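First comes the structure, then the notes that go with it.
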Amino acid sequence: MSLPELDAAEIEKLLADHPAWELAREGKAITRTFQFADFSEAWGFMARVALQAEAQDHHPEWFNVYAKVEITLTTHDAGKSGGLSQRDAKLARTIDGLL
């Protein structure tokens, strides 16, 4: 079952509400880079995000090197070929709230 993609106005609102996130993948994803003091702090943040992502049944794509964490959100089953959905907006809000 395909989820509805966000329309242009909804994407604009998402970015206005979460200005640290940027559009990626030709508007089909959002991404944000987080910088922490050290690996332990970055890993702790990732663990908190993982618990929330599992609870929401929506899992981020991420990359971690030492104190840096890059997170990309997209909904693979949104629309015909993937894109942004309300799941991404909700998880971005949750992640921002963990900081």
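The values are calculated or read from the model by the stated rules, or taken from the named source; none is laboratory data. Everything numeric in this text was worked out from a predicted model, so none of it was measured. Methodologically, a virtual Cβ is constructed for each residue, glycine included, from the backbone with ideal geometry; neighbour enumeration extends over all protein chains shown. Ligands, DNA and RNA are excluded from the accessible area calculation, which covers all protein heavy atoms including side chains. Shrake-Rupley method; radii C 1.70, N 1.55, O 1.52, S 1.80 Å.
The number of residues in the range 53-99 being of a type in the set (Asp, Glu) and over 17 Å from Pro4 (Cα atoms) comes to 4.
So how many residues does the range 59-77 have that are part of a strand (DSSP E or B) and among the aromatic types (Phe, Trp, Tyr)?
In the first step, residues of the range 59-77 are kept if they are part of a strand (DSSP E or B); the result is 61-65, 68-73, 75.
The next check asks that each one be among the aromatic types (Phe, Trp, Tyr); those that pass are 62-63.
Number of matching residues: 2.
If you go through the range 28-39 one residue at a time, how many are small (Gly, Ala, Ser) and open to solvent by 30 Å² or more (accessible area, probe 1.4 Å)? Full working, then the answer.
Step one: list which residues in the range 28-39 are small (Gly, Ala, Ser), which gives 29, 37.
Keeping just the survivors that are open to solvent by 30 Å² or more (accessible area, probe 1.4 Å) gives 37.
Adding up the residues that qualify gives 1.
Within the span defined as the range 60-74, one or more residues are on the phi > 0 side of the Ramachandran plot and either out of contact with any helix residue (DSSP H, G or I) (no Cβ under 7 Å at 6 or more places or on another chain) or open to solvent by 30 Å² or more (accessible area, probe 1.4 Å) (or both).
Among the hydrophobic types (A, V, I, L, M, F, W, C), under 16 Å from Gly97 (Cα atoms) and touching a Phe, Trp or Tyr at 6+ places or on another chain (Cβ under 8 Å): is that true of Ile30 in this structure?
Spelling it out, it is not the case that Ile30 is among the hydrophobic types (A, V, I, L, M, F, W, C), under 16 Å from Gly97 (Cα atoms) and touching a Phe, Trp or Tyr at 6+ places or on another chain (Cβ under 8 Å).
Of the residues in the range 43-58, at least one is open to solvent by less than 80 Å² (accessible area, probe 1.4 Å) and assigned to a loop (DSSP other than H, G, I, E, B). Could you please find all residues in the range 3-27 being closer than 22 Å to Asp77 by Cβ, open to solvent by 70 Å² or more (accessible area, probe 1.4 Å) and in a loop (DSSP other than H, G, I, E, B)? Selection gives Pro4, Glu5, Asp7.
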